[in-house]
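Colleague: Next up is a structure, given as structure tokens.
The values are calculated or read from the model by the stated rules, or taken from the named source; none is laboratory data. Predicted model, so just to flag it, every value in this text is computed and none were measured. Glycine gets a Cβ as well: all are built from the backbone with ideal geometry, and neighbour counts include every protein chain shown.
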Amino acid sequence: MKTLLITGGAGFIGSHVVRLFVNKYPEYKILNLDKLTYAGNLANLKDIEGKPNYEFIKGDIVDSGFIQKLFETCQFDGVIHLAAESHVDRSISNPLEFVMTNVVGTVNLLNAAKHIWKDGFDGKRFYHISTDEVYGSLGEKGLFTEETPYDPHSPYSAAKASSDHFVRAYHDTYGLPVVISNCSNNYGSFQFPEKLIPLFINNIKNNKPLPVYGKGENVRDWLWVDDHANAIDVIFNKGKLGETYNIGGFNEWTNIDLIRLMCRKMDKKLGRETGESEKLITYVKDRAGHDLRYAIDSSKLKDELGWEPSLQFEEGLEKTIDWYLANTNWLENVTSGDYQKYYEGMYNKK
Ligand code: NAD
Ligand code: TYD
């Protein structure tokens, strides 16, 4: 029986990855390590919490002593590392927290893996989950490939870029068996409503202003979260050691087009007149250092490992809106307490 560590498994993408691995691989023991920050929520995993091959451990990847002991006790065969501070706007207000979790936390995990695997790397694998934001911003044309030079602009992407460099350095220096993927923007169920899609669904539902940064001309490449989880499964099992794989949906939208589409869909679902939700659009001050365009070329992953996105965007968006409308308890729980303070500080600044 293999023992796998998944970090950040109580977060948005992590919970989809944990669910996929626990259900698909009954022969693996899956340990989910998560600090349960504001973004981590065990309610995301209710359906699998009783499974015999699943265990949750609360802990902080920044705590090197704790991480070292955990690795010694559990003797993991593989690591899928998703734990991170993940929101660009929060990184602008508190960069150091991003350095601690995303950089120091990652190096702690690399050290612990190197230590317990010192007698040989056979059958072992450290898989680091990263973002396309490390590549910086595209102009109107072109796509990010695995060869695009790193050019991060936000404290979030700078910290993720740094963690990617450490993962490659541990491969090149110590031979650690690593693999990295860089994915575009994800959407789907269980995403914390500070990110564009769930935030705007929640605001439309509650008739609150929709704060569009700048002119809404920035472009993002959106991928259904379960397609990302499937790509992670493929890369974990079949990806070549030392390689990087880009994951994306070939699905670019300007923010304003996407927001208008969400408004139209929600008008229908909420029984509003067409155009009513669009009146909530409010243009606000642009995000500092706001990257203009992200778009991923994921042809390496398709050609070498056969992965492709499964879901058309409009269908995925419908499902996503329906999920947030049906799961009001989940939304209310995560938007009570500290979320209110965050929201006031972020959007009601004078
Ligand atoms: P998220 O913010 O929803 O979840 C992050 C999880 O990490 C939370 O459960 C949180 O409690 C946990 N965590 C944070 N700090 C921790 C610490 N110090 N120790 C242990 N656990 C800690 O993030 P997400 O959107 O699910 O992203 C997961 C990963 O995927 C991140 O590494 C992110 O950079 C990457 N990624 C995200 C996207 C996206 O669109 N969301 C796209 C590409 C890559
Ligand atoms: P976000 O979901 O924060 O993801 P990222 O910045 O990592 O791509 O934002 C997606 C896009 O939406 C980005 O261009 C910023 C924009 N945005 C707004 O216009 N208003 C908002 O309130 C938020 C959260 C994002």
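Colleague: Inside the stretch 57-104, can you point out the residues that are under 30 Å from residue 344 (Cα atoms) and away from ligand 1 (no atom under 13 Å from the Cβ)?
Modeller: Those that are under 30 Å from residue 344 (Cα atoms) and away from ligand 1 (no atom under 13 Å from the Cβ): 92, 93, 95.
Colleague: Moving on to the next point. Output the qualifying pairs, or none if there are none: Cβ atoms under 6 angstrom, residues six or more apart or on different chains, first residue in the stretch 175-199 and free of Cβ contacts under 8 Å to residues at least 12 places away in the same chain, second residue more than 8 Å from ligand 1 (Cβ to nearest atom).
Modeller: Within 6 Å, the pairs are 199/193.
Colleague: Moving on. Using the structure shown, decide if residue 210 is over 14 Å from the mean Cα position of the chain (by Cα) and either at pLDDT 95 or above or near ligand 1 (Cβ under 10 Å from one of its atoms) (or both).
Modeller: yes
Colleague: Moving on to the next point. Restricted to the stretch 167-196, and to residues that are in contact with a strand residue (DSSP E or B) (Cβ under 6 Å, 6 or more places away or on another chain) and in a helix (DSSP H, G or I), which residue is farthest from residue 252 (Cα to Cα)?
Modeller: 171
Colleague: Sort out which residues of the stretch 1-35 are surrounded by fewer than 23 Cβ atoms within 10 Å (Cβ to Cβ), in a loop (DSSP other than H, G, I, E, B), in contact with a strand residue (DSSP E or B) (Cβ under 9 Å, 6 or more places away or on another chain) and modelled with pLDDT of 95 or more, and write them in order of number.
Modeller: Matches in the stretch 1-35: 25, 27, 35.
Colleague: May I pose another question? Of the conditions (1) touching a strand residue (DSSP E or B) at 6+ places or on another chain (Cβ under 9 Å); (2) at pLDDT 95 or above, residue 327 clears all except one; give me its number.
Modeller: Here residue 327 clears every test but (1).
Colleague: On to the next question. Of all residues in the stretch 66-94, which are more than 15 Å from ligand 2 (Cβ to nearest atom), within 19 Å of residue 130 (Cβ to Cβ) and either without any contact (Cβ under 8 Å) to a residue 60 or more places away in the chain or outside any loop (DSSP other than H, G, I, E, B) (or both)?
Modeller: Hits for the stretch 66-94 are 78, 79, 80, 81.
Colleague: Hey, another quick one. What number of residues within the stretch 98-145 are buried (at least 18 other Cβ atoms within 10 Å of the Cβ) and acidic (Asp, Glu)?
Modeller: 2
Colleague: Quick test of your reading of the structure: residue 230 fulfils all but one of (1) under 23 Å from the mean Cα position of the chain (by Cα); (2) over 28 Å from residue 175 (Cα atoms); (3) surrounded by 14 or more Cβ atoms within 10 Å (Cβ to Cβ); (4) not aromatic (Phe, Trp, Tyr). Name the failing condition by number.
Modeller: With (1) under 23 Å from the mean Cα position of the chain (by Cα); (2) over 28 Å from residue 175 (Cα atoms); (3) surrounded by 14 or more Cβ atoms within 10 Å (Cβ to Cβ); (4) not aromatic (Phe, Trp, Tyr) applied to residue 230, the lone miss is (2).
Colleague: Check residue 264 against each of (1) touching a residue at least 12 places away in the same chain (Cβ under 8 Å); (2) within 26 Å of the chain's Cα centre (by Cα); (3) closer than 28 Å to residue 323 by Cβ; (4) not in a strand (DSSP E or B) and name the one condition it does not meet.
Modeller: (2)
Colleague: Restricting to the stretch 128-149, count the residues that are within 16 Å of ligand 2 (Cβ to nearest atom) and of a type in the set (Asp, Glu).
Modeller: 3
Colleague: Please find, within the stretch 43-97, the residue that is nearest to residue 15 (Cα to Cα) out of those that are surrounded by fewer than 14 Cβ atoms within 10 Å (Cβ to Cβ) and of a type in the set (Ser, Thr, Tyr).
Modeller: Going through the qualifying residues, I end up with 73.
Colleague: Is there a residue in the stretch 145-164 that is within 16 Å of ligand 1 (Cβ to nearest atom), more than 19 Å from the chain's Cα centre (by Cα) and not in a loop (DSSP other than H, G, I, E, B)?
Modeller: The answer is no, given that none of the residues of the stretch 145-164 is within 16 Å of ligand 1 (Cβ to nearest atom), more than 19 Å from the chain's Cα centre (by Cα) and not in a loop (DSSP other than H, G, I, E, B).
Colleague: Please work out if residue 202 is within 16 Å of ligand 1 (Cβ to nearest atom), surrounded by fewer than 21 Cβ atoms within 10 Å (Cβ to Cβ) and over 17 Å from the mean Cα position of the chain (by Cα).
Modeller: Criteria met by residue 202.
Colleague: What are the residue pairs meeting all of these: first residue in the stretch 278-303, first residue under 16 Å from residue 196 (Cβ atoms) and of a type in the set (S, T, N, Q), second residue modelled with pLDDT of 95 or more and in a loop (DSSP other than H, G, I, E, B), Cβ atoms under 6 Å, and 6 or more apart or on different chains?
Modeller: 282/209
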